[in-house]
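Let me begin by presenting the structure, written as structure tokens, before commenting on it.
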Amino acid sequence: MSRRAWRGALLAALMLASACDRRPQGPGYLTAALEGPIPLGAAVVDVRGIGIIGFEPAASTHIYSAVTPDGVYRVVLVAETPSDLLFRIKVEDPSGVPPTAVVVSAADGGNLPVSSIAPFTVHVSR
């Protein structure tokens, strides 16, 4: 095999190897869903994690957020109609460890406080 053929084969092998890297590069989004036994009108959620860039609404959920002095993101979710509340979390590395989210308080579809937030969970997924 000639030198030119070896170089071509080596170049092809390098290109093929670099194409096999399927790990997402750069920032991306995770989906978060606040779920529970009844539809909610609104909720406050604390989000903790590394590499959080921001938050965006999903479906008919409006979202407001701020970071506390200790680095926890306080997220307020408001539904146009009572339902599970959906939002997106923008992170530096979507393939990394996902953030955790905990419900702090919630209001039902009639905007009355929920007596117990224990049955409500936030599922974060890729």
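Overview of values
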quantity: Simple label model, 7 Å out from Cα along Cβ direction - residue 66 to residue 46, nm; calculated: 1.6
quantity: Calculated diffusion of region 25-125, Stokes-Einstein form, Kirkwood radius summed over Cα pairs, 10 °C and 1.306 mPa s, µm²/s; calculated: 117
quantity: Where labels lie 7 Å past Cα in the beta-carbon direction, separation of residue 92 and residue 38 in nm; calculated: 4.1
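Each reported figure results from applying straightforward, stated rules to the coordinates on display, with no laboratory input. In this text, all values refer to a predicted model and were calculated from it rather than measured experimentally. Here Cβ is always computed from backbone atoms with ideal geometry, including for glycine, and neighbour counts include all displayed protein chains.
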